[in-house]
1. Residue 50 versus (1) loosely packed, with under 15 Cβ neighbours inside 10 Å; (2) at pLDDT below 80: which is the lone unmet condition?
2. Which of (1) over 12 Å from residue 98 (Cα atoms); (2) modelled with pLDDT under 95; (3) more than 10 Å from the chain's Cα centre (by Cα) is the odd one out, the single condition residue 69 does not satisfy?
3. Counting only residues that are touching a helix residue (DSSP H, G or I) at 6+ places or on another chain (Cβ under 8 Å) and over 24 Å from residue 88 (Cα atoms), give me the helices (runs of 4 or more DSSP H) lying completely in region 1-62 with at least 1 of them.
4. Can you tell me how many residues in region 15-43 are under 23 Å from residue 77 (Cα atoms) and in contact with a strand residue (DSSP E or B) (Cβ under 6 Å, 6 or more places away or on another chain)?
5. Within region 80-100, track down each residue that is within 13 Å of residue 51 (Cβ to Cβ), touching a strand residue (DSSP E or B) at 6+ places or on another chain (Cβ under 8 Å) and not in a strand (DSSP E or B).
6. So residue 70 clears everything in (1) touching a helix residue (DSSP H, G or I) at 6+ places or on another chain (Cβ under 9 Å); (2) surrounded by 13 or more Cβ atoms within 10 Å (Cβ to Cβ); (3) part of a helix (DSSP H, G or I) except one condition, right? Which one?
7. Considering region 4-33 alone, what residues qualify as being exposed (fewer than 12 other Cβ atoms within 10 Å of the Cβ) and closer than 24 Å to residue 80 by Cβ?
8. Which pairs do you get when a residue that is on the phi > 0 side of the Ramachandran plot, found in region 58-69, comes within reach of a residue that is part of a loop (DSSP other than H, G, I, E, B) and surrounded by 10 or more Cβ atoms within 10 Å (Cβ to Cβ), reach meaning Cβ atoms under 6 angstrom, with the pair 6+ apart or on two chains?
């Protein structure tokens with residue numbers, strides 16, 4: 001269980017202040033866009049994903065069990081931003097993956 005707690009702290013799910021654990025965000029809209037992009041990239045690895053599958057993987061990575069409209073909207077926005085920043089590349093309109101270092 002200790003490893004699970006450390007993982008949650010590292011992913012920005014829990015905060016650890018002087019040994020006191022607390023939930024950092026209850027809702028997806030409370031996360032900063034850059035944090036959502038980082039979690040999306042971490043969940044994806046280097047393989048091609050459909051956008052929907054990448055959203056589901058990123059939501060699970062953050063501990064969400066379901067991917068409702070707000071979660072989908074937040075991660076779709078994160079995907080668009082990551083594509084503009086060159087952090088993701090796309091193949092057609094549906095497939096995305098992390099950009100390879102150049």
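1. (2)
2. Residue 69 satisfies all of (1) over 12 Å from residue 98 (Cα atoms); (2) modelled with pLDDT under 95; (3) more than 10 Å from the chain's Cα centre (by Cα) except (2).
3. The helices (runs of 4 or more DSSP H) meeting that bar number zero.
4. Within region 15-43, residues that are under 23 Å from residue 77 (Cα atoms) and in contact with a strand residue (DSSP E or B) (Cβ under 6 Å, 6 or more places away or on another chain) number 2.
5. Selection gives 82, 83, 94.
6. (2)
7. 27, 29, 30, 32
8. Note: pairs meeting the criteria are 63/13.
The values are calculated or read from the model by the stated rules, or taken from the named source; none is laboratory data. Everything numeric here is computed off the predicted structure, so don't read it as measured data. Neighbour counts are summed over all protein chains in view; Cβ atoms, including those assigned to glycine, are modelled from backbone coordinates with ideal geometry.
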